[in-house]
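Scroll down for the structure; my scribbles are underneath it.
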Amino acid sequence: MLGGDHSTSLGAIRAHKEHYGDFGVLHIDAHADLRPAYEGFKYSHASVMYNVLKENLASSLTLVGLRDYCHQEADLIASDNRINAFTDRGISKALFAGQTWNQVCRGMVNTLPDHVYLSVDMDGFDPSLCPNTGTPVPGGLSMAQFTYLLDAVVASGRKIIGGDLVEVAPGKGQWDANVGARVLFAISHRLA
Ligand SMILES: [Mn+2]
C-alpha cells in the first residue's frame, strides 16, 4: 500500500488481519505513532499504531528507528508487552560498542512472529534520504541498513505478508520520490 500519510496504514492492516489472521507489525519510523489522539483527532498519522494495538490487529509491534516520542508513548512502550522498541539511540549505542548490524538485526527479527506486516514511514530513514517528508528527525536508517534488515527477516524463514510505504513527499527535484520508489521496489521484492 502506498500512502499518503501514516493514518492510511490502518485500513491496510485491518484488511490484512481479515485475510491472514495473526501477524506482527514491523514498524520503521522516527516516531512511535502511539498517541491515543493528536490534537483531538483519533485517526491521525500519530495514532496509527495505537489504533492497531487497540483493535488487536497485530500480535506484536516492533518499532525500529524510533527517536521522537512523548512520555505517554514511552509509558505505553514500557507497559504493553506486545511492543518491542529499538530506538535510534539504542541502535547507535549497540553499534558504537562494537555490535554488528547483523547482530542488531537478529535482535529485531527475534521479536517477530512467523508472519510480518511491514509499515515503513519515510521519516524512519536518515533525513538526507527524505528531506521533504512532513516530520523529519536527525538520525535514522540508511538504505543499506534497511535492505539488510528486510533480508534478515526473509532469511529467518519469516514471511512478509504485506506492507506499506507512507509519508513520501517528492519536494523540489523529486529526490524523496526517487528514494521512495527504490524503497518500494526493495519491499516488493521481499514480499512472500
Ligand atoms: Mn509514522
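What follows draws every value from the coordinates through simple rules; no lab data is involved. Computed from a predicted model, the values in this text were never measured in an experiment. Because the Cβ atoms are built from the backbone with ideal geometry, glycine has one as well, and the counts that use them run over all protein chains shown.
Ratio of Rg to Rh for the chain, alpha carbon only, Kirkwood? Could the numbers behind the result be given before it?
Values: Rg = 15.2 Å, Rh = 16.4 Å.
On the Cα set of the chain, Rg over Rh gives 0.93.
Using a Förster distance of 30 angstrom, determine the FRET efficiency expected from the C-beta separation of residue 81 and residue 182, and round it to 0.05. Before the final figure, lay out each step's value.
Numbers: r = 35 Å, r/R0 = 1.17.
Efficiency computed from Cβ-Cβ geometry: 0.30.
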So if each residue of separation counts as 0.36 nm, and I subtract the Cα-Cα distance between residue 93 and residue 169, what length gain in nm does that give?
24.3 nm
Computed over the chain, the relative contact order (Cα-Cα under 8 Å, seq sep at least six) in percent reads 25 percent
Here, residue 22 and residue 148, labelled 7 Å along Cα→Cβ, have an inter-label distance in nm of 3.2 nm
Which of the helices in the chain, when you take each full DSSP H run, stretch at least 15 Å along the axis at their Cα atoms and have an average Kyte-Doolittle score of -1.0 or higher?
9-20, 143-155, 175-188
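I want the antiparallel fraction of DSSP beta bridges within the stretch 1-147, as a percent rounded to 5. Let's see the in-between values first.
Values: 1 of 18 bridges.
The answer is about 5 percent antiparallel.
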Of 19-30, 2-13, 144-155, ordering from highest average Cβ density within 10 Å down gives 19-30, 2-13, 144-155
